[in-house]
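Worksheet: one structure, shown below.
Every read-out reported here was derived from the displayed coordinates using simple, explicitly stated rules and does not represent laboratory data. Note that the structure is predicted; figures quoted are calculated from it, not measured. Glycine gets a Cβ as well: all are built from the backbone with ideal geometry, and neighbour counts include every protein chain shown.
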Amino acid sequence: MSDVMIEARSLKKNYGLVQALKGVSFEVRKGQIVGLLGPNGAGKTTAMKILTCFIAPTDGTASVNGCDVFADPMGVRKAIGYLPESTPLYTEMLVLEYLDWIAQMRNISKPRERIKKVVEQTGLTEEIGKPIRALSKGLRQRVGLAQALVHEPPILILDEPMSGLDPNQASEIRDLIREIGKERTVILSTHNLAEVQVTCDRVLIIAKGTIVADDTAAALKARGGKARFYATVPRALADNRAMNALEAIVGVERVQQGTANDGDVEFEIVPTGTNDLRQDIFNAAVKGNFPLIGLRREGANLENVFRDLTIGNTGPAETPRGRANGGAPKSGDSSNETKPAAEDGAVQKENP
Ligand SMILES: Nc1ncnc2c1ncn2[C@@H]1O[C@H](COP(=O)(O)OP(=O)(O)OP(=O)(O)O)[C@@H](O)[C@H]1O
Ligand SMILES: [Mg+2]
């Protein structure tokens, strides 16, 4: 039997005029932990909702554990544990009540035994008698992982599992995911590059509904991306002159204005090639008569690779007839969402 656990084939998804996915194909093999990385609005959640049979693709198809999302959505749902972007936790319920209820929905044969195991695995033993609302965000995320694990699925689909957590809680959840990922196939979405480097075997970078890279984090990093230069100018003196002078330097691709820690203005200068532009930047400041109070070069790193691959791709998705203005609302759209009705629908319901 093939060890392909997830296969997406030319997935397209339109929300009205917004093309959220424009033909996405990828495979995930057994035992891999794959990071789906992309800027806001790239289509990560949309792809995950298709893989979990929450919504149907406009075109293309996908299979999970050998089950097609159209032909066998129940098979798909049995094979996956899903942690949605905003965890649908019933905050008044006790942790144990909630997991009991999930186990019931999932038709688990020996629910108490299974829940005990999952609670141990996710480090929730001391919390089971507490109402969910009393838990920290990190602990709630553990409850979310526990509900995803109750039916012992071979595949986990985790939508931004570490987002909104403080660094300590994030690193605990990361360790937990690595632990539970040892015997499972995992897709997780994130914006966090550091996280991807430590957690994932492979990275899929998605931008504006298209996969722009599919590789290991190490290989992506080795692509280098471009070095960046950072020039700091006192806030009071940073006017268009500085921007224009920097943009006029030969070998500069683009300049972006940002804020330095102390409120001064920091220009990020992206070169067209690999030349060291520091002297040119200094000369431009002298010639343009603006003071340079900081100048540094930052070598290539994964963040730069990511930005080079996704730059200009952070706005709203394009519409079939041009560009959407302002992006479409995320909820309340019922235009072409088909929520497959299912016996265990309540488990997957997003906003109970
Ligand atoms: N229900 C919906 N109705 C209309 N447009 C939607 C809907 N859901 C998503 N979109 C649009 O589809 C595109 C992709 O959204 P998606 O939520 O998949 O992105 P994402 O990569 O998960 O972003 P984020 O990092 O912000 O979670 C965006 O332009 C978004 O506004
Ligand atoms: Mg999302």
Report summary line: Counting only DSSP beta bridges fully inside the chain, the antiparallel percentage to nearest 5 is 70
Query raised in the report: For the range 228-299, what relative contact order do you get, as a whole percent, if you take Cα pairs closer than 8 Å and at least 6 residues apart?
Result: 47
Query raised in the report: What 222 nm value per residue comes from the helices of the chain, counting each DSSP H run with n ≥ 4 as -39,500 (n - 2.57) and dividing by all residues, nearest 500 deg cm²/dmol?
Result: -9000 deg cm²/dmol
Report summary line: Taking r as the C-beta separation of GLU253 and ASP166 and R0 as 41 Å, the FRET efficiency to the nearest 0.05 is 0.65
**Report entry** All lysines inside 21 Å of LYS117 as judged from Cα atoms, apart from same-chain residues fewer than 8 positions distant
**Finding:** LYS78, LYS130, LYS182
Report task. Within the set of other residues whose C-beta is less than 14 Å from the C-beta of ASN301, count the net charge using Lys and Arg as +1 and Asp and Glu as -1. Result -> +3
Query raised in the report: If the chain between ASP239 and LYS137 were fully stretched, how many nm would it gain, using 0.36 nm times the residue separation less the Cα-Cα distance?
Result: 32.5 nm
Report task. Obtain the nm distance between the two label points defined at GLU183 and ASN261 by a simple spin-label model: each point lies 7 Å from its Cα along the Cα-to-C-beta direction. Result -> 4.6
Query - Mean Cα-pair separation over length for the chain, i.e. relative contact order, pairs under 8 Å, 6 or more apart, % - result: 23
Report task. For LYS44, go through the lysines and keep the ones whose alpha-carbon is under 16 Å away, minus same-chain ones fewer than eight residues off. Result -> LYS12, LYS13, LYS22, LYS208, LYS330
Query raised in the report: Which far-off residues, 5 or more places away or on another chain, put their amide H under 5 Å from the one on ILE206, with H placed in the peptide plane?
Result: LEU37, GLY38, VAL212
Query raised in the report: Roughly how many nanometres apart are two label points built 7 Å out from the Cα toward the Cβ at TYR90 and ASP201?
Result: 3.7
Query raised in the report: What percent of all Cα-Cα pairs in the chain falls in each 20 Å bin, counting up from 0?
Result: 27, 49, 21, 2
